[in-house]
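Take a look at the structure below.
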Amino acid sequence: VVLGGGLAVVATYTSRRWLRQLLLSLPPLGVSVPTFWVGLLLVEAFSFKLHWFPAFGNDGLRGLVLPALTLAVPTGAQVAQVLAKSLLTALDQAYVETARAKGADRWRVHLRHALRNASLPALTVVGLLVGQLIAGSVVVETVFSRDGLGRVTAAAVTTQDIPLVQGVVVFGALIFVATNLLVDLVYPLLDPRIVVASDRRAGFA
């Protein structure tokens, strides 16, 4: 969310056309790159060459940085794609022109008016990406030799440990449902019109 959202905000805010086109071309690249290849590149750059982070194992918080980035690149790219498109659409709306006519500065218009309405589609994508993150942990934990839910799942499937596989599936489903419930609860905070619309439908019923 931080990487994808930040990239979308900067790309749509900048007034330099070449920089905007460059930044907007990064999300499609991030989506198309395989997760394991991203992990190998990060290990090569930050572990073997720069020696900033450990390449393998469960070495505390430092050991989480590269696996987290590996999972964040493709998922953050999808968030950036959706949010950037929504922001560009929102910036052309009449309420944005009204805010500008009232004297609001460019940064305030971008963050308070456009971003608040444009974030709803991206928030929906975030809820759906939770399942992809859980599935991607299998590959990432294998690449970085980390002990976690992904490797447990892979080992359970290999050994045909059906109860463990069922437990992992139920656990993943609970996380997915809880995350999407949280997303639904955040919707009215970003756009109060959702509550008004639901109240009107309830009144008609």
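The values are calculated or read from the model by the stated rules, or taken from the named source; none is laboratory data. Owing to the predicted nature of the structure, the values given are computational and were not obtained by experimental measurement. All Cβ positions, even for glycine, are placed from backbone atoms using ideal geometry, and neighbour counts span all protein chains on display. Note: areas computed on protein heavy atoms with side chains; ligands, DNA, RNA excluded. Shrake-Rupley method; radii C 1.70, N 1.55, O 1.52, S 1.80 Å.
For Cα Rg over 2.2 N^0.38 Å, one of (1) 1.18; (2) 1.33; (3) 1.24 was computed from the structure I shared and the rest are decoys. Which label?
So the structure-derived entry is (3).
Percent of accessible area on region 10-84 owned by carbon and sulfur, 1.4 Å probe? Before the final figure, lay out the partial values.
Details: 3000 of 4280 Å².
Carbon and sulfur together cover 70 percent of it.
Rank Thr158, Thr12, Thr179 by mean-square fluctuation in a GNM of the chain with C-alpha springs under 10 angstrom and give only the top-ranked residue.
Of Thr158, Thr12, Thr179, the most mobile in the Gaussian network model is Thr158.
Is it possible to state the helix-based mean residue ellipticity at 222 nm for the chain, with each DSSP H run of 4+ residues giving -39500 (n - 2.57), the sum divided by total residues, to the nearest 500 deg cm²/dmol? What is it?
Details: 10 runs with 152 residues, N = 205.
Value at 222 nm, helices only: -24500 deg cm²/dmol.
Can you give the extra length, in nm with one decimal, that the chain gains between Leu40 and Asn180 once fully stretched, where that is 0.36 nm per residue apart less the Cα-Cα distance?
Working: separation 140, 0.36 × 140 = 50.40 nm, distance 3.13 nm.
Computed gain between Leu40 and Asn180 is 47.3 nm.
Have a look at Tyr187, Tyr13, Tyr95 and tell me which one the Gaussian network model of the chain (Cα, springs below 10 Å) gives the largest fluctuation.
Result: Tyr95 has the largest fluctuation of those listed.
Which helices of the chain meet both criteria: a Cα extent of 27 Å or more along the helical axis and a mean Kyte-Doolittle score no lower than 0.0, with helices taken as whole DSSP H segments? Mind showing how you got there, number by number?
On the way: long enough: 62-90 (39 Å, 1.10); 115-143 (39 Å, 1.42); 162-190 (42 Å, 1.99).
Taking the DSSP H segments of the chain (at least 27 Å long, mean hydropathy at least 0.0), we get 62-90, 115-143, 162-190.
Work out, step by step, the length gained on full extension between Val170 and Arg100: first 0.36 nm times the residue separation, then minus their alpha carbon distance; give nm to one decimal. The partial results should precede the final answer.
Working: separation 70, 0.36 × 70 = 25.20 nm, distance 4.93 nm.
Length gained between Val170 and Arg100: 20.3 nm.
Using the heavy atoms of the protein chains alone and a 1.4 angstrom probe, what is the accessible area of the chain per residue in square angstrom?
Values: 12430 Å² over 205 residues.
Each residue of the chain exposes 61 Å² on average to a 1.4 Å probe.
Which peptide among 78-84, 99-105 comes first, and what is the full order, when sorted by highest mean count of other Cβ atoms within 10 Å? Please list the in-between numbers first.
Numbers: 78-84: 24.3, 99-105: 11.4.
Ranking the peptides 78-84, 99-105 by packing returns 78-84, 99-105.
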